[in-house]
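A short write-up of the structure that comes next.
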Amino acid sequence: MLMTEATPPAPSTPPSTLLLLVRHGETPTTGTVLPGRTPGLHLSDRGRIQADRVAERLAGLPVEGIYSSPLERTCETAEPTAARTGLKVNENAGLIECDFGKWTGAALAELAGLPQWQTVQHAPSAFRFPDGESFAQMQARMVGALEIVCAAHPGGVVVCFSHADPIKAAVAHALGVHLDLFQRIVISPGSVSVISYVEGQAPAVLMVNSTLEPLSGLRTS
C-alpha cells in the first residue's frame with residue numbers, strides 16, 4: 001500500500017481590520033476657504049445628501065464602530081451612519097482637521113498667491129502653518145489615532161469621519177508614499193477610502209476617494 005503524508009492544514013489568515021475613512025460632506029465654504037478648526041461650520045444641503053449617501057452605501061457591511069473628528073461638519077456627516085447602524089458616534093480628537101494657525105479662515109485664492117503655497121503643494125513635509133501644525137505632526141497624529149482605533153476593534157469594520165488632508169496623509173502613510181507626494185491623492189467631500197490592517201503585515205489600501213459603489217463587498221464573510 002502506498003503511504004502518503006497527510007497534507008498539513010493551510011495556515012489560518014489573521015482577520016483584517018477595515019478602517020473606512022470618510023471625508024465630511026460639503027459645506028458652504030468647501031473649495032473657497034481654508035476653514036481649519038473654526039467652530040460653527042455646518043454641512044450644506046448637498047453635504048447632507050452626501051452624508052446620507054455614505055450611510056446607504058454601508059448597507060450590509062458589519063460596522064462595529066463609528067468615530068468622528070469633533071468638528072460639526074464631521075459629526076453631522078456621521079449622523080446618518082449612526083442612525084442606520086444603531087451605533088453611537090465616538091468623537092476622536094486625533095481625527096480633527098489640521099491646525100492651520102494664522103491661515104485659518106483665509107480664502108484659498110489669496111493663499112495660492114503666497115510664496116509659501118508652493119511649499120505646501122510640493123514639499124509639505126517641510127512646512128508648518130504659522131502658529132499652527134506641521135503636515136508631519138498632522139500625519140503622525142492621524143496615523144496614531146487610527147492605530148488606536150484599529151487596536152480597539154481587531155478584525156472589525158470601523159468608519160472614521162475626518163477631513164481631506166488628514167485622510168490623504170493616512171493613505172499616503174499606508175501606501176508607503178513620502179509625505180511630499182501626499183498632495184497627489186484626491187479626497188473628495190463624502191468620499192470613502194479604505195485601509196485594511198492585519199497584525200504583523202503592512203497595511204493594504206483597498207479603496208481611495210470612492211463616491212459611488214456599495215461597500216458591502218468589502219467584507220464577504
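The values are calculated or read from the model by the stated rules, or taken from the named source; none is laboratory data. Bear in mind the structure is a predicted one, so any value in this text is a computation, not a measurement. Quick reminder, even Gly has a Cβ in these numbers, built from the backbone with ideal geometry, and neighbours come from all protein chains shown. Surface areas here come from the heavy atoms of the whole protein model, side chains and all, with no ligands, DNA or RNA. Shrake-Rupley method; radii C 1.70, N 1.55, O 1.52, S 1.80 Å.
Every condition in (1) open to solvent by less than 50 Å² (accessible area, probe 1.4 Å); (2) not in a helix (DSSP H, G or I) is met by GLY60 except one, and the failing one is (1).
Taking the stretch 111-144 as the range and being among the acidic types (Asp, Glu) and closer than 21 Å to LEU95 by Cβ as the test, only GLU133 passes.
Residues that are open to solvent by less than 70 Å² (accessible area, probe 1.4 Å) and of a type outside the set (Val, Ile, Thr) within the stretch 100-120 comprise PHE100, GLY101, TRP103, GLY105, ALA106, ALA107, LEU108, LEU111, ALA112, GLY113, LEU114, TRP117, listed in sequence order. Checking the stated criteria, GLU147 turns out to be at pLDDT 95 or above, open to solvent by 70 Å² or more (accessible area, probe 1.4 Å), out of contact with any Gly (no Cβ under 6 Å at 6 or more places or on another chain) and closer than 14 Å to LEU95 by Cα. Looking at this structure, is GLU97 buried (at least 19 other Cβ atoms within 10 Å of the Cβ), in a loop (DSSP other than H, G, I, E, B) and charged (D, E, K, R)? Against the criterion (buried (at least 19 other Cβ atoms within 10 Å of the Cβ), in a loop (DSSP other than H, G, I, E, B) and charged (D, E, K, R)), GLU97 qualifies. Tally the residues that are open to solvent by less than 40 Å² (accessible area, probe 1.4 Å) and more than 14 Å from VAL192 (Cβ to Cβ), restricting the search to the stretch 75-89. Adding up the residues that qualify gives 2. Pairs are defined by a Cβ separation below 6 Å, a sequence spacing of at least 6 or placement on different chains, a first member in the stretch 95-107 that is under 14 Å from ALA145 (Cα atoms), and a second member that is in a helix (DSSP H, G or I) and open to solvent by less than 50 Å² (accessible area, probe 1.4 Å); the pairs so defined are LEU95/ALA145; CYS98/MET138; CYS98/ASP165.
For ILE187, the conditions (1) touching a residue at least 12 places away in the same chain (Cβ under 8 Å); (2) farther than 22 Å from LEU58 by Cα all hold with the exception of (2). Answer yes or no as to whether ILE195 is in contact with a helix residue (DSSP H, G or I) (Cβ under 8 Å, 6 or more places away or on another chain), open to solvent by 50 Å² or more (accessible area, probe 1.4 Å) and over 30 Å from GLY105 (Cα atoms). No, not satisfied. Do we find a residue being surrounded by fewer than 21 Cβ atoms within 10 Å (Cβ to Cβ), modelled with pLDDT of 95 or more and within 30 Å of LEU87 (Cβ to Cβ) anywhere in the stretch 159-172? Within the stretch 159-172, one or more residues are surrounded by fewer than 21 Cβ atoms within 10 Å (Cβ to Cβ), modelled with pLDDT of 95 or more and within 30 Å of LEU87 (Cβ to Cβ).
Scan the stretch 187-205 and give yes if some residue there is within 20 Å of VAL120 (Cα to Cα) and either at pLDDT 95 or above or in a loop (DSSP other than H, G, I, E, B) (or both), otherwise no. Break it down stepwise before answering.
Initial filter on the stretch 187-205 (within 20 Å of VAL120 (Cα to Cα)): 187-188.
Narrowing the set further to residues that are either at pLDDT 95 or above or in a loop (DSSP other than H, G, I, E, B) (or both) leaves 187-188.
Yes; the residues of the stretch 187-205 include at least one that is within 20 Å of VAL120 (Cα to Cα) and either at pLDDT 95 or above or in a loop (DSSP other than H, G, I, E, B) (or both).
Taking the stretch 198-210 as the range and being open to solvent by less than 60 Å² (accessible area, probe 1.4 Å) and of a type outside the set (A, V, I, L, M, F, W, C) as the test, the residues that pass are PRO203, ASN209, SER210.
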